[in-house]
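The values are calculated or read from the model by the stated rules, or taken from the named source; none is laboratory data. What you see is a predicted model; the values in this text were computed from it and never measured. Here the Cβ is made from the backbone with ideal geometry for all residues, glycine too, and neighbour counts use every protein chain on show.
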Amino acid sequence: MKLDEIFCGLPYGFSSFAAVKDRLIECRAKARLPQNAETVISVLFPYYLGEEYYKNANVSRYAVSADYHIITGGIMEHIVSALRETYPENTFEYFVDNSPLPEVRCAAAAGLGVIGRNALFISPVYGSWVFLGEIVTDKYFPPAAPAENFCVGCSKCVSACPVGAIGDTGVTPEKCLSYLSQKKGELDPAVAQKMVEYNCAWGCDICQKVCPMNAGARLTPIEAFFDTARPYVTAADEIEGRAFAWRGKKVIERNLEALNASEKTSE
Ligand code: SF4
Ligand code: SF4
């Protein structure tokens, strides 16, 4: 089977495992890395549905469709079984989200795009509206040629971020609304106010919406993202099968309470 067929038309690229082996992230998934790993294959899963799908959204665009762990995991299962069949002598292990690899760096090193000032990966075709996945193998595939892999550096994301979370060295998670909307515990009133202002029940897309590299992003070729689109959440018992289900009901309940309280006071 040819590689393009194996990857179902999704963008993919190769980088050297040796280049990241000293930068691995400590997590349980690390134990699944193949011995004698040679190559990291980065795969992009675009999820952009078009602006009309995001009207009145109160969740980040990545969470509009059904849980991406399930959708991308299903596609990865398919890809990896085709790789194992095509190269039976080799080992292939895949990672989506729960990855020991520095995902953004690997995708950029594989020649699939660049790293933005907002620390996100940006594809020249699909923009930053992509999920990243990796397959690690002991088979050698020639890595992409080293290239300049940073965004155009226009700083629009820096100016647009409502909480000043993007600095010279990347994003400070403790300031970022996306991170804070997912964190357990009580909401700081100043954070709650910003979440109300930007209608964030989960996540924040402001720095991506203003990025010029996202202008003209191509729609996802993955039908399942269209079929399951729901751009809002209204009650904590609606989390089943959604990208934020892993966090449990309490966090969504807390965020919705903050949004609803503000609606009541403005009535
Ligand atoms: S996600 Fe929102 S809060 Fe976080 S860096 Fe981007 S604009 Fe700032
Ligand atoms: S808005 Fe400008 S600086 Fe920020 S990620 Fe996009 S291109 Fe880079």
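Observations, loosely collected:
- Given (1) within 30 Å of Ser15 (Cα to Cα); (2) in a loop (DSSP other than H, G, I, E, B); (3) within 8 Å of ligand 1 (Cβ to nearest atom), number of the condition Tyr179 does not satisfy: (2)
- Restricting attention to the stretch 202-225, the residues that are surrounded by 15 or more Cβ atoms within 10 Å (Cβ to Cβ) and either away from ligand 2 (no atom under 12 Å from the Cβ) or assigned to a loop (DSSP other than H, G, I, E, B) (or both) add up to 12.
- Selection within the stretch 127-150 - within 14 Å of ligand 2 (Cβ to nearest atom), surrounded by 21 or more Cβ atoms within 10 Å (Cβ to Cβ) and not polar (S, T, N, Q): Gly127, Trp129, Val130
- Tyr62 being in a helix (DSSP H, G or I), surrounded by fewer than 19 Cβ atoms within 10 Å (Cβ to Cβ), of a type in the set (Phe, Trp, Tyr) and modelled with pLDDT of 95 or more: no
- Residue match in the stretch 86-97 (condition: at pLDDT below 95 and buried (at least 21 other Cβ atoms within 10 Å of the Cβ)): yes
- Taking the stretch 1-40 as the range and being assigned to a strand (DSSP E or B) and of a type in the set (A, V, I, L, M) as the test, only Val40 passes.
- Positions within the stretch 159-180 being surrounded by 15 or more Cβ atoms within 10 Å (Cβ to Cβ) and of a type in the set (D, E, K, R), in sequence order: Lys175
- Matching residues, the stretch 92-111, being farther than 22 Å from Ile166 by Cβ and assigned to a loop (DSSP other than H, G, I, E, B): Asp97, Asn98, Ser99, Pro100, Leu101, Ala110, Gly111
- Against the test of being more than 10 Å from ligand 1 (Cβ to nearest atom), acidic (Asp, Glu) and in contact (Cβ under 8 Å) with a residue 60 or more places away in the chain, the options Asp138, Asp188, Asp205 yield a single qualifying residue, Asp138.
- In the stretch 156-174, the residues that are within 17 Å of Lys194 (Cα to Cα) form Cβ pairs under 7 Å with partners that are β-branched (Val, Ile, Thr) and more than 8 Å from ligand 1 (Cβ to nearest atom), at six or more places apart or across chains, as follows: Cys157/Val210; Ala160/Val210; Ala165/Thr172; Ile166/Val158.
- Verdict on Val152 being hydrophobic (A, V, I, L, M, F, W, C) and at pLDDT below 95: yes
- Candidates Leu44, Leu49, filtered to the one that is under 19 Å from Leu3 (Cβ atoms), modelled with pLDDT of 95 or more and within 18 Å of the chain's Cα centre (by Cα): Leu44
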